[in-house]
Amino acid sequence: MFLTDYYLREIKTYKKGQVRQVTYNKYRSNGRFLLENFPDLVLSKMTADDYQQILNKYAETHEKTTTTDFHRQLAWALKRAYNVDGILKRDVTFDAKIPLGKQSGKKKTKFLEIEDMRKLVQELKHENTPEANFFLILLKTGLRFAEALGITLDDVDFKKKTVSIDKTLNYKGRQKGTRAFAPTKNKYSIRTIIVDDAVLYMLWKNAKGADPDESIFFRLKGFQFNSTLNGKLKRACRKAGVPDITLHSLRHEHATYLVSQGISSMAVAERLGHADDTVTRAVYIHRLETEKARDNKEIAQKIASL
């Protein structure tokens, strides 16, 4: 049996329907890479050197983090071939080295300054389109894109001013001609968050004509592709005169703003649906460090003026 045949069989049997569709798509993408580059590699004859060559080849066109994910998924199948099916006589993935990979490109600006964030908010309020409303909701809630698309009227409590997050919208997959709701990223992502009157109004306004259990935004024209929405957000950023950001960046902006206003990292983590505040502190503490440096400079100037 060829490696490619075994890998594709295993992911279809044990991963399809068992992991999120986006994760399964990554497994399939890895299978295409194997088909294109190692179509004739016989599984039973594989050696550790063969496996390392596969990783080296993959790393030629991918960054190290992506190569690490590839290694994890391919190694899962090969360990089954060794431990479960007995096709391999040894674990060929043992002590494999992850190559440095392709050098990452120049990173785009990830965080807006508070002043730029307010400029963007004013521009989105001025546009007042369903897309602009959606961007504002993401900025004011920190929701993931698929979580925001999953919101229905049933999820909104207008009296308590909360939104319950217990599902996402599988916007990349189809089920009987309609988009299907899917589980949240993990159990920690199931949460209820407090929102302000502006978010409640935008949800109510865009939900006109929607069934209580129907996605508020996905049924509207222009919400079928995140690439289209990213393009509109980019145009809004340029109109506002601020650096370009993406839909997912709005989640970062929400978190960094709360951290900068003195909200605890644990409270921010719970709002974002993180298991704990480890990720929150590692990623969003950037805002605090930036402001700390600025404050220190200002302190030095004040002291010097005495």
TODO: Return a yes/no flag: does segment 263-275 have any residue that is within 17 Å of the chain's Cα centre (by Cα), modelled with pLDDT of 85 or more and exposed (fewer than 15 other Cβ atoms within 10 Å of the Cβ).
DONE: no
Task: Number of the exception - residue 11 against (1) more than 19 Å from the chain's Cα centre (by Cα); (2) over 22 Å from residue 185 (Cβ atoms); (3) part of a helix (DSSP H, G or I) - done: (2)
Open item on the list: Just the residues that are outside any helix (DSSP H, G or I) and among the aromatic types (Phe, Trp, Tyr), please, taken from segment 14-57.
Closed with: 38
Open item on the list: Quick check on segment 58-67. Is at least one of its residues charged (D, E, K, R), in a helix (DSSP H, G or I) and exposed (fewer than 14 other Cβ atoms within 10 Å of the Cβ)?
Closed with: no
- [ ] Answer yes or no as to whether residue 82 is at pLDDT 95 or above, part of a helix (DSSP H, G or I) and aromatic (Phe, Trp, Tyr).
- [x] yes
- [ ] Please go through segment 80-102 and pick out each residue that is surrounded by fewer than 11 Cβ atoms within 10 Å (Cβ to Cβ), under 14 Å from residue 49 (Cα atoms) and over 28 Å from the mean Cα position of the chain (by Cα).
- [x] 90, 95
- [ ] Of all residues in segment 238-260, count the ones that are among the β-branched types (Val, Ile, Thr), touching a residue at least 40 places away in the same chain (Cβ under 8 Å) and buried (at least 21 other Cβ atoms within 10 Å of the Cβ).
- [x] 2
Task: Options 144, 235; residue that is among the basic types (Lys, Arg), at pLDDT 90 or above, out of contact with any Gly (no Cβ under 7 Å at 6 or more places or on another chain) and surrounded by 19 or more Cβ atoms within 10 Å (Cβ to Cβ) - done: 144
Task: Any pair with Cβ under 6 angstrom, 6 or more apart, that starts in segment 107-124 at a residue that is at pLDDT 90 or above and ends at one that is among the basic types (Lys, Arg) and not in a loop (DSSP other than H, G, I, E, B) - done: 123/239
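The values are calculated or read from the model by the stated rules, or taken from the named source; none is laboratory data. Nothing here was measured: the structure is a model prediction, and the numbers come from that model. Glycine gets a Cβ as well: all are built from the backbone with ideal geometry, and neighbour counts include every protein chain shown.
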